[in-house]
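S.K.: Please find one structure pasted underneath; my questions will follow.
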Amino acid sequence: MIKIQAGAGLAALVLTLGVARAEGDPAAGQQLVMQGDGKGGAPCLACHGVDGAGNDAAGFPRLAGLDAGYLARQLRDYRDGRRSDPVMAPNAANLSDQQIDDVAAYYQGQSAQPTPAAADENLLALGEKLVKQGDWDNYIAPCETCHGPDSQGVGSTFPALAGQHAGYLRKQLEAWQSGARSNDENQLMLAIAARLNPKQIQAVAAYLSHQSMKEGAQ
Ligand code: HEC
Ligand code: HEC
């Protein structure tokens, strides 16, 4: 029953929020990635790579293949102070809306393959169960209810999680738990993150980092 309601809510959200898509120029975006914005922001490649692969050990998220509308919204949130991070926010501080749409279009078009760290089989199995079936005893909906089949993302609202770095995934779930990340106006992740215990966070992060982004999933 709960599952059906969650699904209906999801469809309504996708209809209302998933339609806006950024009109960016990937070639102009690539120039920003390589050279920076000329106003003090570091070239994105320094941390996220030209191919958007990011770096797990350094805490730089993967951007390759993520929906441009999602990326652009996050960049505006860093720029305008709705999402904070001392390492990332200064690099978004001086970007124009056009530069944001351009760089978002560029990274959406990249397809770096993940290279996850080895993880324990039991941990991966627990993660898979949570992602695909949830934990209804504790009111945790399957992540795929919102993040889509095989965690490939749904429109601009629900980002792909497949192939994202485990360290970054853990950090975001902990940021919702602590209130450090609160930029989603619908606050859909707050309730979910609050119900996950530390073992479950480890497990979903490990499992998702072992999945792949499928070509053309967006
Ligand atoms: C000095 C390193 C650094 C540079 C340079 C940098 N970033 Fe980041 N970026 C980060 C870190 C660290 C995070 C994760 C911050 C957090 O946890 O909120 C991040 C997060 C992001 C996110 C959010 C991803 C998500 O899945 O929500 C986007 C989008 C992004 N960066 C885009 C860019 C773009 C575009 C540029 C160039 C204009 C850039 N970054 C330059 C370090 C950097
Ligand atoms: C009810 C819908 C819903 C469910 C269920 C859900 N999420 Fe999310 N999730 C969202 C939305 C919406 C966002 C984007 C938030 C934003 O725009 O800031 C998000 C974002 C995320 C992000 C940030 C990705 C990034 O690139 O920064 C992570 C990590 C995440 N979710 C993990 C999970 C995990 C793990 C589960 C299952 C335990 C889950 N989510 C279940 C709606 C959901």
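S.K.: Is it fair to say ASP150 is out of contact with any Gly (no Cβ under 8 Å at 6 or more places or on another chain) and at pLDDT below 95? Please lay out each step first, then the result.
M.R.: Details: out of contact with any Gly (no Cβ under 8 Å at 6 or more places or on another chain): yes; at pLDDT below 95: no.
In short, no.
S.K.: On to the next question. Could you figure out which of (1) within 30 Å of ILE140 (Cα to Cα); (2) at pLDDT below 95; (3) within 11 Å of ligand 1 (Cβ to nearest atom) isn't true of THR16?
M.R.: (3)
S.K.: Criterion first (modelled with pLDDT of 95 or more and within 13 Å of ligand 2 (Cβ to nearest atom)) does ALA28 satisfy it?
M.R.: The answer is no for ALA28.
S.K.: Out of the residues in segment 50-96 that are farther than 20 Å from GLU23 by Cα and near ligand 2 (Cβ under 10 Å from one of its atoms), state the one that is surrounded by the most Cβ atoms within 10 Å (Cβ to Cβ).
M.R.: Looking at the filtered set, the residue picked out is ARG62.
S.K.: For segment 29-49, how many residues are more than 9 Å from ligand 1 (Cβ to nearest atom), touching a residue at least 40 places away in the same chain (Cβ under 8 Å) and either of a type in the set (Phe, Trp, Tyr) or surrounded by fewer than 16 Cβ atoms within 10 Å (Cβ to Cβ) (or both)?
M.R.: 2
S.K.: I'm trying to understand the selection: among the residues of segment 97-115, which are surrounded by fewer than 18 Cβ atoms within 10 Å (Cβ to Cβ) and under 16 Å from HIS165 (Cα atoms)?
M.R.: SER111, GLN113, THR115
The values are calculated or read from the model by the stated rules, or taken from the named source; none is laboratory data. Everything numeric here is computed off the predicted structure, so don't read it as measured data. Every residue, glycine as well, gets a Cβ built from its backbone with ideal geometry; the counts of neighbours run over all protein chains shown.
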